[in-house]
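Reading through the structure tokens given below for one structure.
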Amino acid sequence: MVIHWLTGLLRIRVFTILLSALIPAAVSHAVPRTPANDAEVLEKLPTRAADSTARELAALRAAVAKAPTDASLATELAQRYFDLALAQGDPRYVGYAEAVVTRFANPLPAPLLTLRGVLRQYRHDFAGALKDFEAALALAPEYAAAHAWRGAIYLVEADYGAAQKECAALQKLDRETLAGACLGLLQAYSGQLALGYKTLQKILDLATDADNRLWLLTRLGEVAAWRGQDAQAQAHYREALGLGRDDVYLLAAWTDFLLDAGQPAEVVRLLAKWESADSLLLRLAEAETLLKLPEAARHQKMLVDRFAAARARGDTTHRAEEARFELRLRQDPATALRLAQENYAVQREPRDARVLLEAAVAAKDRASAQVVRDWLLRSGFEDARTRRLAQASESAGADGGKK
């Protein structure tokens with residue numbers, strides 16, 4: 001899962017990321033690499049002649065080629081590639097963004113250092129990302145994007161004290177939208193769902209940009225669902241969908257809600273054309289399996305192949321999704337539990353906690369869920385489903401099958 005709390009809210013000229021929970025989801029699963037030269041064609045992505053995005057990218061590439069030392073142009077092109085990766089669930093664009101940043105001569109200015117950190121966190125290199133954000137802030141102490149991304153990583157790592165400091169830094173910089181987004185999620189994760197919802201709603205009331213509204217509506221939908229307010233959650237998700245923007249994280253959150261609500265047929269309808277995004281293919285296969293549809297077997301095989309390809313290239317960003325796949329579709333709780341534990345060692349958001357708890361309950365391994373139960377005790381996270389799973393894990397079994 002890629003950090004998603006602030007994408008859509010940051011700007012480095014074109015810093016309007018449509019953030020999803022983005023697990024890398026390539027069609028080809030090629031390892032991103034730097035071309036030998038700028039003329040080398042790696043692959044032509046599916047775009048139409050009249051596609052405004054293709055024209056925009058062509059123009060940006062031409063501008064960067066003419067002015068290779070222009071940091072603002074390099075940042076804009078790399079950021080645009082990253083936007084597309086998040087919107088479409090295609091990590092090849094991340095490889096292209098990395099190539100742009102890598103080719104730029106050192107020392108990197110603050111915007112490019114920050115963007116390199118963003119790309120590193122996509123690969124789950126959180127330590128490397130934090131070093132880049134620290135270096136960016138050393139050059140530009142008031143650079144809000146670096147503070148926001150540090151806060152995002154600390155939230156994923158469940159380091160709420162450190163996240164609070166970044167929220168406060170954004171408030172001192174008068175970045176109301178970023179500070180509110182940071183604070184709203186911090187409150188929601190740390191035992192204050194009602195207050196977190198209120199904070200995010202306040203920011204939504206101020207937001208006019210469609211990308212910002214999409215992100216805020218999606219997170220409001222999640223928080224409302226955690227509060228048990230399903231009608232409110234559904235209204236937020238539908239309003240976000242009504243904006244008409246491609247966003248993998250929105251679709252993942254909404255279809256998770258539908259699956260929890262026992263509506264797999266709607267999931268199939270929504271995700272039928274999203275096979276290229278692994279996180280959405282997983283949910284599609286899950287819905288098809290529940291409905292006993294013939295396409296389920298083919299999609300499960302696709303997922304097996306994609307997870308195997310990710311492991312072969314050392315990509316560990318799929319572990320939460322693979323754990324869910326092993327648990328719900330292959331009925332292999334032992335493998336699911338191992339993957340969920342590996343994932344939780346790196347990222348500890350509510351979704352990560354849930355898959356670990358579900359796997360621990362299925363595997364009847366009480367001890368493996370202790371880390372999540374400890375988090376619930378420390379954080380006070382209020383979602384009733386997570387707390388029920390934690391209680392079930394407490395009595396599910398002990399090490400070696402002992403009670």
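The numbers here are math on the coordinates, done by the rules we state, and not lab data. Keep in mind the model is a prediction, meaning the values are calculated, not measured. All Cβ positions, even for glycine, are placed from backbone atoms using ideal geometry, and neighbour counts span all protein chains on display.
Our analysis of the stretch 195-237 gives Rg over Rh at 0.96, with the two radii drawn from alpha carbon positions and Rh computed by the Kirkwood formula. The modelled label-to-label distance between D305 and Q201, using points 7 Å beyond Cα along the C-beta direction, is 4.7 nm.
Seen against the Cα atoms of the chain and their longest principal axis, helix 52-66 is set at about 50 degrees. If I fit a long axis through the Cα atoms of helix 333-344 and take the longest principal axis of the Cα atoms of the chain, what angle between them do I get, 0 to 90°, rounded to 10? For 333-344 against the chain, the angle is about 40 degrees.
Taking the helices alone, the chain has a mean residue ellipticity at 222 nm of -21000 deg cm²/dmol, built from -39,500 (n - 2.57) per DSSP H run of at least 4 residues and averaged over all its residues.
If a spin label sat at a point 7 angstrom from the Cα of R313 along the line to its beta carbon, the backbone N atoms of the stretch 274-292 nearer than 18 Å would be those of 275-282. Each 10 Å bin from zero up to the one holding the largest Cα-Cα distance in the stretch 49-190 carries the following percent of pairs: 12, 37, 34, 15, 2. For the chain, the longest principal axis of the alpha carbon atoms and the long axis of helix 370-379 meet at an angle near 70°.
Which whole-angstrom value gives the distance between the alpha carbon centres of the stretch 149-178 and the stretch 190-239? Each part reduced to its Cα centre gives a spacing of 18 Å.
Number of Lys-Lys pairs in the chain with C-alpha atoms under 18 Å apart and a separation of 8 or more places or on different chains: 5. The listed peptides 89-96, 254-261, ordered by packing as a protection proxy, come out as 89-96, 254-261 (highest mean of other Cβ atoms within 10 Å first). The convex hull of the Cα atoms of the stretch 115-180, projected and averaged over all directions, covers 4.0 nm². Please express the Cα-Cα pair-distance distribution P(r) of the stretch 215-369 as a list of whole percents, one per 10 Å bin, running from 0 to the bin with the greatest distance. So the P(r) values, bin by bin, are 11, 37, 39, 13, 0. Spacing of the modelled spin labels on A138 and A261, each 7 Å from Cα toward Cβ, amounts to 5.0 nm. How many nm separate the modelled label positions at R388 and T208, each set 7 Å beyond the Cα in the direction of the Cβ? Roughly 4.4 nm, to one decimal.
Listed values for the stretch 134-151 are Karplus-derived 3J(HN,Hα) couplings in whole Hz (6.51 cos²θ - 1.76 cosθ + 1.60, θ = phi - 60°), namely 5, 5, 5, 6, 5, 7, 9, x, 9, 6, 5, 4, 5, 4, 5, 6, 4, x, and x replaces Gly and Pro. Within the stretch 267-358, all pairs of alpha-carbon atoms sorted by distance into 5 Å bins from zero give the percentages 3, 15, 25, 24, 19, 11, 3, 0. Our compactness index for the stretch 335-403, the C-alpha radius of gyration over the empirical 2.2 N^0.38 Å, is 0.98. Rounded to two decimals, what is the ratio between the C-alpha radius of gyration of the chain and 2.2 N^0.38 Å? Relative to the rule-of-thumb radius for its length, the chain sits at 0.96.
With all distinct Cα pairs included, what does the Kirkwood hydrodynamic radius of the stretch 120-232 come out to in Å, to one decimal, could you say? For the stretch 120-232, inverting the mean 1/r across all distinct Cα pairs yields 14.5 Å.
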